[in-house]
Amino acid sequence: MKRLIECVPNFSEGRDPAKVDAIVGAMSAVPGVFILDQEMDPDHNRCVITLAGEPDAVAEAAILGVGKAAALIDLTKHTGAHPRLGATDVLPFIPVAGVTIEDCVALARRVGREIWQRHRIPVYFYEAAALRPDRANLEKIRRGQFEGIRDEIRTKPERAPDVGEAELHPTAGAIVVGARKFLIAYNINLNTADVKIADQIAKAIRFSSGGLRHVKSMGVELKARKLAQVSINLTDFEQTPMHRVYEMVKREAARYGVMPVGSQIVGLVPGKALEMAADYFLQLEDFSSAQILENRLAGALSGVPAQSGSREGKLAALARPFVMAVAEPAPTPGGGSVAALAVALAAGLGQMVAGLSRKKKSQAAHFVALSTALDELRRTTDTLLEAIDRDAASYDAVLAAFKLPQGNQAEQDLRNIAMAAATRGAAEVPMTVAEAAVALQERLAELEKISAAAMRSDLRVARLMATAGARGALENVEVNLESLTDAAYVQAMRARAKLVEARLAHA
């Protein structure tokens, strides 16, 4: 599989197209790097560039872009509505294909060191790449912005950078480099110029103030348009979808006698995020992503049947690849992956029941509860599908550790450490599957009370599948625990297993 990452640098320039073009030109000169998108915002005085490609090529392009931005952008003369610390303000790396978040963390830290070596710009690490817990959140690092940190960095050790000297670059400031999952930058404009209202709405919806999980937000004044804006970073759109954010902003705005007049996506957005919004707002009946023309074409061109369920009559073709992979005389995928699939199928059945029930007039009183259940079941399904691969990968790690050399005592010690770590991982994955399965069991029992009666047999099949998956996962937990010598860890894991068993008995 080709290794691909995305990088989304934010530069503190949104008013001079010539400068932005020069920065893009520097990055696009690296072979194998693709510029997917560029957005400029004069009110924020900020641009967001999206590039993708092989990790090493993207890393070099990012470093060149940082250098060009430092040469062109002077923060001592910069003004704009968006907080900023550097000419290149933020530089996140995001895994796309064949790359893990851990790989992006290692890349971010290498790029950070190289930025200091080449450009003498101090570096802070954030999100998954953070070296300190208090620096995981970007807003905490950037507190005080360029001017405030410039004055504090020399005298306050807690403001010192992770790489470089305790002195900001005189015109380019500092840079925050990190690794994270896909983020949607989503702005909602209000029919008022009162930024205080936008601030209050932002406070109500952001997680740090008790609002929606995976939401970061602030109020921004758009002087050129005479509007106030709720500027939002959505860090996990599957857990907290865009439509839920929009609806909460709309509801909060009504408290102040205002309303949204438009919204904006900055940069790129996954198609699934828009599919989820379309399904919610249009209340599409029996909607499937396979009904989208481009998805169907992509499936046809790749030879992979589109995932549209029984409407296509290709169920066996959909199931066969995984079944045959399990049947191969190879250790993975094995019982743990099969258990995860069983629970994922249970969650999928739950989705079907919730989705169909909320379209029925007889269940109209439960529309909101069914919609909430549908969102939760979608997230559960995705998590369990990921666990299929995670379980196989965890056992592959055990096999790799088993093959390590043991010619002398030092090698034996290293092998033993690696074996113990890998075996713990092989126990942790099925344990999370078992816990997810019993939580799903309980959710399906609640769903049965509000779903259409004609589909209760589907829910009962789902609950049987969840039970089978939970017990299968626990078998995999126990077989791995038998190989471990850490008594405290084994005891703690078996206590978790007993709790799952107890919950299953009452489900």
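The values are calculated or read from the model by the stated rules, or taken from the named source; none is laboratory data. Because the structure is predicted, anything quoted here is derived from the model rather than measured. A quick note on method: Cβ atoms are made from the backbone with ideal geometry, for glycine too, and the neighbour counts reach across all protein chains shown.
Could you tell me whether any residue of segment 128-137 is out of contact with any Cys (no Cβ under 8 Å at 6 or more places or on another chain), among the small types (Gly, Ala, Ser) and at pLDDT below 90?
There is at least one residue in segment 128-137 that is out of contact with any Cys (no Cβ under 8 Å at 6 or more places or on another chain), among the small types (Gly, Ala, Ser) and at pLDDT below 90.
Looking at Val429, Val433, which is the one that is buried (at least 24 other Cβ atoms within 10 Å of the Cβ), among the hydrophobic types (A, V, I, L, M, F, W, C) and in contact with a Ser or Thr (Cβ under 6 Å, 6 or more places away or on another chain)?
Matching residue, one of Val429, Val433: Val429.
Just one of (1) under 32 Å from the mean Cα position of the chain (by Cα); (2) outside any helix (DSSP H, G or I); (3) of a type outside the set (Asp, Glu) trips up Leu459, so point out which.
For Leu459, the exception is condition (2).
Please state which of the following conditions Val215 fails to meet, knowing it meets all the rest: (1) β-branched (Val, Ile, Thr); (2) farther than 30 Å from His119 by Cβ; (3) more than 26 Å from the chain's Cα centre (by Cα).
(3)
Here are some residues: Ser451, Ser457, Ser483. Which one is of a type in the set (S, T, N, Q) and at pLDDT below 90?
Of the residues listed, the single one that is of a type in the set (S, T, N, Q) and at pLDDT below 90 is Ser483.
Out of Thr485, Thr432, I need the residue that is in the same structural domain as Arg379 (by TED's automatic domain parsing), out of contact with any His (no Cβ under 9 Å at 6 or more places or on another chain) and outside any helix (DSSP H, G or I). Which one?
Only one candidate passes the filter, namely Thr485.
Scan segment 168-179 and give yes if some residue there is assigned by TED's automatic domain parsing to the domain that holds Pro92, surrounded by fewer than 22 Cβ atoms within 10 Å (Cβ to Cβ) and either part of a loop (DSSP other than H, G, I, E, B) or touching a Lys or Arg at 6+ places or on another chain (Cβ under 6 Å) (or both), otherwise no.
yes
Within segment 54-70, does at least one residue satisfy the condition of being in the same structural domain as Gly112 (by TED's automatic domain parsing), in contact with a Cys (Cβ under 9 Å, 6 or more places away or on another chain), surrounded by 21 or more Cβ atoms within 10 Å (Cβ to Cβ) and assigned to a strand (DSSP E or B)?
Within segment 54-70, none of the residues are in the same structural domain as Gly112 (by TED's automatic domain parsing), in contact with a Cys (Cβ under 9 Å, 6 or more places away or on another chain), surrounded by 21 or more Cβ atoms within 10 Å (Cβ to Cβ) and assigned to a strand (DSSP E or B).
Suppose the filter is assigned to a helix (DSSP H, G or I), surrounded by 15 or more Cβ atoms within 10 Å (Cβ to Cβ) and among the small types (Gly, Ala, Ser); does Ala445 pass it?
Against the criterion (assigned to a helix (DSSP H, G or I), surrounded by 15 or more Cβ atoms within 10 Å (Cβ to Cβ) and among the small types (Gly, Ala, Ser)), Ala445 does not qualify.
Only one residue in Val123, Val96 is under 18 Å from Ala179 (Cα atoms), surrounded by fewer than 23 Cβ atoms within 10 Å (Cβ to Cβ) and among the hydrophobic types (A, V, I, L, M, F, W, C), so which one is that?
The conditions single out Val96.
Using the structure shown, decide if Val220 is buried (at least 20 other Cβ atoms within 10 Å of the Cβ) and either modelled with pLDDT under 95 or more than 21 Å from Glu139 (Cα to Cα) (or both).
So Val220 passes the test.
From the list Ala273, Ala254, Ala278, which residue is of a type outside the set (Val, Ile, Thr), loosely packed, with under 12 Cβ neighbours inside 10 Å and modelled with pLDDT of 65 or more?
So the residue among Ala273, Ala254, Ala278 that is of a type outside the set (Val, Ile, Thr), loosely packed, with under 12 Cβ neighbours inside 10 Å and modelled with pLDDT of 65 or more is Ala254.
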